[in-house]
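J.: I'd like to ask you about the structure that follows.
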Amino acid sequence: MKDQTSSRFTHQSSRRKVALGATALTAAFLLPHFAIAAANPTGTTKIGDVTMNSVQFKNNTINMAGNIYSPKDFNKAGKYAAVVVVHPGGGVKEQAAGLYAQKLAQQGFVVLTFDASHQGASGGMPRFLENPTERVEDVRSAVDYLTTLAYVDPQRIGALGICAGGGYAIKAATIEHRIKAVATVSAVDIGAATRKGWDGKGSEADQIAMLDEVAKQRTAEAAGAKPKYVTYVPVTPDSTTPSDLREASDYYLTARGQHPGAPNKMLFTSLDKMLSFTALDQVNSLLVQPSLMIAGSNAGSLWHSQEAYQKAKGEKELFIVDGATHMTLYDGEKHVGQALGKLTPFFKRNLSTAG
């Protein structure tokens, strides 16, 4: 490991290449359209010393499904520092975001995770839309919700984003200064990833071709065609698939990390919204809060964290986990432990948490 100073997911098919900022998009195909959100578990769950409660809050008119993690000996009469954890593109709150939420709650924080608008158990039509502007507003709405909880100190709220959630967390923090500290794990600027590919080498010609395809699809849907969907991660990786994306397929499509609320599908017409988004455009002027970027030395997405670190205006640190890949920071016991070894003191220090 070393202190110093993403994501671009490109997968080749025999017919077409399409880039997505958290994993490769394989060739587009039609799937049944789901009109309702996935069911959200209700009630209270004990996870060791941590208590998890399902909650709901609003992002404008959309009902957001979340989980609140409370630490051991939680007292509603107390005042706690809180952290919002933002999940990757195509993920849900129960996967990597839930693991980090649980681990941070064990360190004394109140932690909120939630499913993105249009995804998982949250509401929003159309389903499976990846809209970066709304995703940023999701984060701000989560902060709104935390400020309504009597046991949360509104002056001690932080944000942690994973993969595309890292880009969204940074973007939110640049304009949402109720976020007092922001951290990322395997960060990806989904806009840069869509424009440039996983390795950052995509061309303008690729972007123009993508926009032309989206235009054709919007015209078709306006005339009554069914929505088109693409996958977040390659279903059948091959020798041309970057190693990070092969591992992403293993995480999302096997028992390792698979979840019914994350069916590996995205509305094709999300792509123009993603292509036009930039997570880091105001970091060098408006991100004045302390920031911590954590990434693997063997991650193809490392360039996103390096760029965020370079641009950040305030107190900042880039922590590179030696030997880690993009995905081992999702669930690898050793590498997640090393990330938490940085995240815990970072949030305790900058959210003024005792102990």
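J.: Decide, for the stretch 277-355, between rounded, prolate and oblate: order the square roots of the alpha carbon gyration tensor eigenvalues as a ≥ b ≥ c, take rounded if a/c falls under 1.5, and otherwise choose prolate if a/b is larger than b/c, else oblate.
T.: On the way: a/c = 2.54, a/b = 1.12, b/c = 2.26.
Here the stretch 277-355 falls in the oblate category.
J.: Per residue, how much space in cubic angstrom lies within the convex hull of the C-alpha atoms of the chain? Each step should come with its number before you reach the end.
T.: On the way: hull volume 43.9 nm³, N = 355.
Expressed per residue, the convex hull around the Cα atoms of the chain is 124 Å³.
J.: Determine ³J(HN,Hα), in whole Hz, for all residues of the stretch 65-72 in sequence, where each value follows from phi through the Karplus function 6.51 cos²θ - 1.76 cosθ + 1.60 and θ = phi - 60°; x replaces Gly and Pro.
T.: 9, x, 10, 9, 9, 10, x, 4
J.: Per residue, how much accessible area does the chain show when a 1.4 Å probe rolls over the protein heavy atoms, in square angstrom?
T.: Numbers: 13690 Å² over 355 residues.
Per-residue accessible area for the chain comes out at 39 Å².
J.: Let me ask something else. Quick check on the stretch 178-290: take the gyration tensor over C-alpha atoms, sort the square-rooted eigenvalues as a ≥ b ≥ c, and tell me if it's rounded (a/c under 1.5), prolate or oblate.
T.: Verdict is oblate for the stretch 178-290.
J.: For the chain, which whole-number percentage of the solvent-accessible area (1.4 Å probe, protein heavy atoms only) is attributable to carbon and sulfur atoms?
T.: Values: 7000 of 13690 Å².
Whole-percent figure for carbon plus sulfur exposure: 51.
J.: Place the peptides 318-331, 227-240, 79-92 in order of packing, highest mean first, counting for every residue the other Cβ atoms within 10 Å and averaging per peptide.
T.: On the way: 318-331: 22.6, 227-240: 18.1, 79-92: 27.6.
Most protected by this proxy first, the peptides run 79-92, 318-331, 227-240.
J.: Another question, then. Using a ≥ b ≥ c from the Cα gyration tensor of the stretch 105-204 (square roots of the eigenvalues), is it rounded, prolate or oblate, where a/c under 1.5 gives rounded and otherwise the larger of a/b and b/c decides, a/b for prolate? Could you put the intermediate results ahead of the total?
T.: Values: a/c = 2.25, a/b = 1.57, b/c = 1.44.
Here the stretch 105-204 falls in the prolate category.
J.: So what is the 222 nm mean residue ellipticity for the chain from helices alone, if each DSSP H run of at least 4 adds -39500 (n - 2.57) and you divide by all residues, rounding to the nearest 500 deg cm²/dmol?
T.: -10000 deg cm²/dmol
J.: Based on Cβ point charges of +1 for Lys and Arg and -1 for Asp and Glu, what charge dipole magnitude is obtained for the stretch 66-158 about its Cα centre, in debye rounded to the nearest 20?
T.: With only Lys, Arg, Asp and Glu charged at Cβ, the dipole is about 280 debye.
J.: State the three equivalent ellipsoid semi-axes of the stretch 72-123, derived from the C-alpha gyration tensor as the square roots of 5 times its eigenvalues, in descending order and whole Å. Mind dumping the intermediate values first?
T.: Numbers: eigenvalues 111, 27, 12 Å².
Semi-axes (√(5λ), whole Å): 24, 12, 8.
J.: Here's another thing I want to ask about it. Straight-line reach from Lys180: which aspartates and glutamates fall under 20 Å, measuring Cα to Cα and dropping same-chain residues less than 8 apart?
T.: Correct list for Lys180: Glu137, Asp138, Asp144, Asp153, Asp281, Glu315, Glu317.
J.: What are the semi-axes of the equivalent ellipsoid for the stretch 205-355, taken as the square roots of 5 times the Cα gyration tensor eigenvalues, largest first, in whole Å? Display every interim value, and only then the final one.
T.: Numbers: eigenvalues 222, 97, 45 Å².
Computed over the stretch 205-355, the values are 33, 22, 15 Å.
J.: For the stretch 236-283, go through all pairs of different Cα atoms, get the mean of 1/r, take its inverse, and jot down that Kirkwood value in Å.
T.: Values: mean 1/r = 0.0755 Å⁻¹.
13.2 Å is the Kirkwood radius here.
J.: Determine the distance separating the Cα centre of the stretch 168-207 from the Cα centre of the stretch 89-166; give it in Å without decimals.
T.: Spelled out, the Cα-based centre of one part sits 16 Å from the other.
The values are calculated or read from the model by the stated rules, or taken from the named source; none is laboratory data. Fair warning: this is a prediction, and the values are worked out from it, not measured in the lab. Cβ sites come from the backbone with ideal geometry, for glycine too, and all protein chains shown count toward neighbours. Calculation scope for accessible area: heavy atoms of the full protein, side chains included, ligands and nucleic acids excluded. Shrake-Rupley method; radii C 1.70, N 1.55, O 1.52, S 1.80 Å.
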